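The values are calculated or read from the model by the stated rules, or taken from the named source; none is laboratory data. In this text, all values refer to a predicted model and were calculated from it rather than measured experimentally. Every residue, glycine as well, gets a Cβ built from its backbone with ideal geometry; the counts of neighbours run over all protein chains shown.
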Amino acid sequence: MLASNNYLSLANHPQVVSAARAATTRFGAATLGSRLYSGTTDLHVELERELADWHGAAEVLFTTGYQTSVGTICGLIGAGDTVVVDSAIHASIQDGCRLSGAATRTFQHNDVDSLREQLQHVADRGGACLVVVEGLYSMEGDVPPLRSIAEACREYEASLMVDEAHSIGLFGADRTGLVSHYDVADLVEIRMGTFSKALASTGGFIAGSTELVDTLRVNARAFIFSMSAVPAAVASALAAVRIARSDEGAALAARAVANADHLRQLLSDRGITGGGVTPSESGTPLSGPIVSIELGEELAAVATWNRIFDADVFTGLSLFPAVPQGKALLRLSVMATHTEDQLDRVAAVVGAALQDHRTSEKSH
Ligand code: PMP
């Protein structure tokens with residue numbers, strides 16, 4: 001399985017599974033109320049407190065990561081303001097921008113000069129400016145030059161939001177994500193995360209100042225007008241966060257990245273470049289658990305993915321509109337518990353399929 005974002009393998013961890021089971025027994029299958037109505041259990045409060053302690057900030061929970069993006073952007077900005085996003089930003093952020101009524105401008109992927117051009121444009125136009133980037137890009141598997149981005153935002157008085165959906169649990173000494181890795185928490189107003197990848201559940205959160213979090217509790221419609229997360233989801237997220245914070249979490253994160261690096265090496269031995277390593281601002285390249293391989297045109301990409309699937313290797317295939325048209329990506333999400341034998345087999349199957357893919361591309 002290389003199509004699930006279960007990077008730390010926590011979805012099957014006994015403590016996570018039994019926490020979900022116990023919460024269902026104690027609190028029932030669902031809260032059947034929104035957070036501001038009847039949907040706040042002791043568990044929801046406990047998870048917010050755990051996250052607050054982890055980030056050293058105030059926290060608010062949302063029912064899904066998608067709602068976190070949409071609710072936060074719409075709850076903070078509107079007509080007359082501008083959101084500046086990376087060209088590879090996730091659909092949930094794009095949808096939040098659309099619904100907010102703010103103008104949206106895009107800068108070239110991970111390009112700080114291009115960001116600065118957009119920030120200058122907004123400064124000339126006036127209005128509040130929010131910049132949104134990801135801590136680890138879900139398709140490409142690379143990370144942004146976050147310190148330079150944060151410094152540019154500070155210079156232009158723009159607020160910065162970092163979506164750590166794929167980087168939480170993996171980066172930083174405390175594993176809160178890329179903001180921690182680059183030690184730029186004081187330059188990032190809005191830290192967002194989801195439980196739907198390394199943290200083995202559903203739901204999302206915002207970490208920031210008390211003022212920011214309190215504003216969202218009364219202004220984010222996706223928070224107010226939607227049922228709170230079901231107890232099983234909150235309990236599994238809480239158990240996963242506690243493991244992620246522990247020495248066990250540190251070992252799992254290191255294992256996931258080491259496994260991904262090993263797979264990249266095995267693929268490279270077969271002449272295949274697997275993305276997901278970014279030259280770092282601090283010198284040492286930063287590796288993530290996503291190994292992406294360019295496949296190009298959609299129909300040929302689907303045929304290659306099918307061939308790999310038929311050999312019992314389940315990979316991800318990213319097609320338009322998740323990626324630009326004609327730029328399909330084979331996406332391998334590596335887990336902490338993948339064994340060496342499994343990775344050998346993946347490299348052999350993917351290697352053979354890619355060889356045929358390239359031969360058929362040349363003959364067309
Ligand atoms: N942000 C990013 C970067 C994502 O990849 C995703 C999920 N694919 C989301 C937000 C939405 O999260 P969720 O699946 O928890 O709704």
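Filtered by the rule that a residue be within 10 Å of the ligand (Cβ to nearest atom) and either outside the structural domain of Arg116 (by TED's automatic domain parsing) or surrounded by fewer than 22 Cβ atoms within 10 Å (Cβ to Cβ) (or both), the range 68-88 gives a lone residue, Ala88. When every residue of the range 149-157 is checked against the conditions, none turns out to be at pLDDT 95 or above and within 11 Å of the ligand (Cβ to nearest atom). Of the residues examined, Val291 is not one that is in contact with a Phe, Trp or Tyr (Cβ under 9 Å, 6 or more places away or on another chain), within 24 Å of Pro144 (Cα to Cα) and surrounded by 14 or more Cβ atoms within 10 Å (Cβ to Cβ).
Of all residues in the range 294-304, which are touching a residue at least 60 places away in the same chain (Cβ under 8 Å) and buried (at least 19 other Cβ atoms within 10 Å of the Cβ)? Of everything in the range 294-304, just one residue is touching a residue at least 60 places away in the same chain (Cβ under 8 Å) and buried (at least 19 other Cβ atoms within 10 Å of the Cβ), namely Leu295.
Within the range 267-277, the only residue that satisfies the criterion of being surrounded by 21 or more Cβ atoms within 10 Å (Cβ to Cβ) and in a helix (DSSP H, G or I) is Leu267.
From the list Ser360, Ser280, which residue is under 27 Å from Pro144 (Cβ atoms) and either more than 19 Å from the chain's Cα centre (by Cα) or surrounded by 13 or more Cβ atoms within 10 Å (Cβ to Cβ) (or both)?
Result: Ser280 is the single residue among Ser360, Ser280 that is under 27 Å from Pro144 (Cβ atoms) and either more than 19 Å from the chain's Cα centre (by Cα) or surrounded by 13 or more Cβ atoms within 10 Å (Cβ to Cβ) (or both).
Scanning the range 138-190 for residues that are over 22 Å from Gly276 (Cβ atoms) and part of a strand (DSSP E or B) returns Ser159, Leu160, Met161, Ile190.
Based on this model, can you work out whether Ala322 counts as at pLDDT below 95 and either assigned to a strand (DSSP E or B) or surrounded by 13 or more Cβ atoms within 10 Å (Cβ to Cβ) (or both)? Working first, answer last.
Numbers: at pLDDT below 95: yes; either assigned to a strand (DSSP E or B) or surrounded by 13 or more Cβ atoms within 10 Å (Cβ to Cβ) (or both): yes.
Judged against the criteria, Ala322 is a match.
All conditions but one from (1) assigned to a loop (DSSP other than H, G, I, E, B); (2) more than 16 Å from the ligand (Cβ to nearest atom) apply to Leu8; the one that does not is (2). Return yes when Thr284 is without any contact (Cβ under 8 Å) to a residue 40 or more places away in the chain, touching an Asp or Glu at 6+ places or on another chain (Cβ under 9 Å) and either part of a loop (DSSP other than H, G, I, E, B) or not hydrophobic (A, V, I, L, M, F, W, C) (or both) and no when it is not. No.
Taking the range 325-357, which residues are under 20 Å from Ala253 (Cα atoms) and surrounded by 20 or more Cβ atoms within 10 Å (Cβ to Cβ)? The answer is Arg331, Leu332, Ser333, Val334, Met335, Ala336, His338, Leu343.
Restricting the range 159-176 to residues that are among the aliphatic types (A, V, I, L, M) and surrounded by 23 or more Cβ atoms within 10 Å (Cβ to Cβ), the residue that is farthest from the ligand (Cβ to nearest atom) is Leu160.
Listed conditions (1) modelled with pLDDT of 95 or more; (2) farther than 13 Å from Ala3 by Cβ; (3) touching a helix residue (DSSP H, G or I) at 6+ places or on another chain (Cβ under 7 Å) are all met by Val313, apart from (2).
Yes/no per residue for (1) in contact (Cβ under 8 Å) with a residue 60 or more places away in the chain; (2) of a type outside the set (A, V, I, L, M, F, W, C):
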position	(1), (2)
Arg105	no, yes
Glu117	no, yes
Gly127	no, yes
Met139	yes, no
Ala152	no, no
His166	yes, yes
Gly169	yes, yes
Ala198	yes, no
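Scanning the range 191-200 for residues that are near the ligand (Cβ under 8 Å from one of its atoms) and in a loop (DSSP other than H, G, I, E, B), which turns out farthest from Glu46 (Cα to Cα)? The qualifying residue farthest from Glu46 (Cα to Cα) is Lys197. Taken over the range 201-211, the criterion of being within 21 Å of the chain's Cα centre (by Cα) and away from the ligand (no atom under 16 Å from the Cβ) is satisfied by Gly208 alone.
Note on the range 91-135: residues that are within 16 Å of the ligand (Cβ to nearest atom), part of a loop (DSSP other than H, G, I, E, B) and either under 16 Å from Leu160 (Cβ atoms) or hydroxyl-bearing (Ser, Thr, Tyr) (or both) amount to 2. So how many residues does the range 212-249 have that are away from the ligand (no atom under 15 Å from the Cβ), of a type outside the set (A, V, I, L, M, F, W, C), assigned to a helix (DSSP H, G or I) and more than 14 Å from Ser69 (Cβ to Cβ)? Number of matching residues: 10. The conditions of being more than 18 Å from Gly204 (Cα to Cα) and in the same structural domain as Leu212 (by TED's automatic domain parsing) are met by Glu155.
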